[in-house]
Amino acid sequence: MTIQTVGVVGCGLMGSGIVETCARSGYRVVVREVNEEVLQRGLRRVEESMARAVERGKLAAADRDAAWTRIRGTVRMEDLRDCDLVIEAAVELMDVKKEIWRELDALCPPHTIFCSNTSSLSITEQASVTRRGDRFCGMHFFNPVPVMKLVELVRGYLTSEETLATCRAFAESLGKTVVVTKDHPGFVVNYLLVPFLLDAVRALEKGLATKEEIDTAVQLGLNHPMGPLTLLDFVGIDTTYYIAEAMYQELKDPRYAPPLLLKQMTLAGHHGRKTGKGFYDYGA
């Protein structure tokens, strides 16, 4: 199957990156958001990201302009009806994702492939509310999408080999390296990463060291590009909390139980860089 038009549900941090990457790779993109204000904010994020790429010499201005003409924003789910592939990049809550898939399954023709950008939630469970379990898989991008090279392709219980091959070819056409994983909470990356991040929060809660010292220790001692608390701010405190909670409920492994501090920061709206405050202050 040839993919020509890609639908994206959600134009937040991840969704806007997926939109940009697909448009820069030559695909027509229809991105849907819940209202016009959120949509325009997401489209501005795409515009600013491509402008930075031009400034840094990573993207020609003519290619930027051509990519922009391939992007269409909408607040109507019906406008995704003619897409060959739809990627969902909504909040990491199963009920929200299921409702999106129910609506899209009734709108889209049988050939349309559905992909979830979920970081941890079951692909098989999401596909269960549709009539196309064989044409449903996980396609987990990493933030920032235009820069990060990895895509985790997640095989649900009913995902067909044809769908997997089509999605692999599509992801590779975006310049991504693909790893295929089974439908397991956290897949590969978050299965390994989440306990590490939560332990960093627990170390801070215990007063083992300051946040700066924890981050510096990991950066210099483990040769990581950024410390775990800085990474949490970058990924999103709320996003990590939802991922950890979902994985804990599924696995019942205490390594994945979110620390109280992470829950409190989520409830307080201190979600990291996107809200201006997390473990660090980004107000300036």
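Phe187 - would you say it is in contact with a Pro (Cβ under 9 Å, 6 or more places away or on another chain), in contact (Cβ under 8 Å) with a residue 12 or more places away in the chain and not aliphatic (A, V, I, L, M)? Even if it seems obvious, please write down each step before you answer.
On the way: in contact with a Pro (Cβ under 9 Å, 6 or more places away or on another chain): no; in contact (Cβ under 8 Å) with a residue 12 or more places away in the chain: yes; not aliphatic (A, V, I, L, M): yes.
Considered against the rule, which asks whether it is in contact with a Pro (Cβ under 9 Å, 6 or more places away or on another chain), in contact (Cβ under 8 Å) with a residue 12 or more places away in the chain and not aliphatic (A, V, I, L, M), Phe187 comes out as no.
Answer yes or no: is there a residue in the stretch 67-79 that is assigned by TED's automatic domain parsing to the domain that holds Val147, modelled with pLDDT of 95 or more, of a type in the set (Ser, Thr, Tyr) and in contact with a strand residue (DSSP E or B) (Cβ under 8 Å, 6 or more places away or on another chain).
Applying the first criterion (assigned by TED's automatic domain parsing to the domain that holds Val147) to the stretch 67-79 yields 67-79.
Remaining after also requiring modelled with pLDDT of 95 or more: 67-79.
Applying the additional criterion that residues be of a type in the set (Ser, Thr, Tyr) yields 69, 74.
Of the ones still in play, those that are also in contact with a strand residue (DSSP E or B) (Cβ under 8 Å, 6 or more places away or on another chain) are 74.
Yes, that holds for at least one residue.
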For Val154, state whether it is touching a Ser or Thr at 6+ places or on another chain (Cβ under 6 Å), outside any loop (DSSP other than H, G, I, E, B) and on the phi < 0 side of the Ramachandran plot.
yes
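Can you spot a residue in the stretch 241-256 that is touching a residue at least 40 places away in the same chain (Cβ under 8 Å), aromatic (Phe, Trp, Tyr) and touching a strand residue (DSSP E or B) at 6+ places or on another chain (Cβ under 6 Å)? So that I can check it myself, show each step before the final result.
As a first pass, look at the stretch 241-256 and keep what is touching a residue at least 40 places away in the same chain (Cβ under 8 Å): 242-244, 246-247, 250-251, 255-256.
Add one more test, that the residue is aromatic (Phe, Trp, Tyr), and what stays is 242, 256.
Then drop every residue that is not touching a strand residue (DSSP E or B) at 6+ places or on another chain (Cβ under 6 Å), which leaves none.
Looking through the stretch 241-256, none of the residues is touching a residue at least 40 places away in the same chain (Cβ under 8 Å), aromatic (Phe, Trp, Tyr) and touching a strand residue (DSSP E or B) at 6+ places or on another chain (Cβ under 6 Å).
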If you check Leu164, Leu193, Leu121, Leu150, which single one turns out to be of a type outside the set (D, E, K, R), within 24 Å of Ala90 (Cβ to Cβ) and touching a residue at least 40 places away in the same chain (Cβ under 8 Å)?
Leu121
Gly207 passes all but one of the listed conditions (1) without any contact (Cβ under 8 Å) to a residue 60 or more places away in the chain; (2) buried (at least 20 other Cβ atoms within 10 Å of the Cβ); (3) small (Gly, Ala, Ser); the exception is number (2)
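Out of the residues in the stretch 122-145 meeting the condition of being crowded, with 23+ Cβ neighbours inside 10 Å and either part of a strand (DSSP E or B) or not hydrophobic (A, V, I, L, M, F, W, C) (or both), tell me which one is farthest from the chain's Cα centre (by Cα). Please lay out each step first, then the result.
From the stretch 122-145, those crowded, with 23+ Cβ neighbours inside 10 Å are 123, 126-127, 135-141, 145; that's our starting set.
Restricting the remaining residues to those that are either part of a strand (DSSP E or B) or not hydrophobic (A, V, I, L, M, F, W, C) (or both) gives 126, 135-140.
Details: Gln126: 16, Arg135: 20, Phe136: 16, Cys137: 14, Gly138: 11, Met139: 9, His140: 6 Å.
Residue satisfying both the conditions and the ranking: Arg135.
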Given the conditions (1) touching a helix residue (DSSP H, G or I) at 6+ places or on another chain (Cβ under 6 Å); (2) over 18 Å from Gln4 (Cα atoms), report the number of the one that Ile71 does not fulfil.
(2)
Name the residue that is farthest from Pro195 (Cα to Cα), counting only residues in the stretch 227-275 that are modelled with pLDDT of 95 or more, assigned to a loop (DSSP other than H, G, I, E, B) and within 20 Å of the chain's Cα centre (by Cα).
Gly269
Taking the stretch 1-17 and keeping residues among the polar types (S, T, N, Q) and in contact with a helix residue (DSSP H, G or I) (Cβ under 7 Å, 6 or more places away or on another chain) leaves Ser16
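The values are calculated or read from the model by the stated rules, or taken from the named source; none is laboratory data. Predicted model only: the values in this text are computed from it and were never measured. Cβ coordinates were reconstructed from backbone atoms using ideal geometry, including for glycine residues, and neighbour counts include every protein chain displayed.
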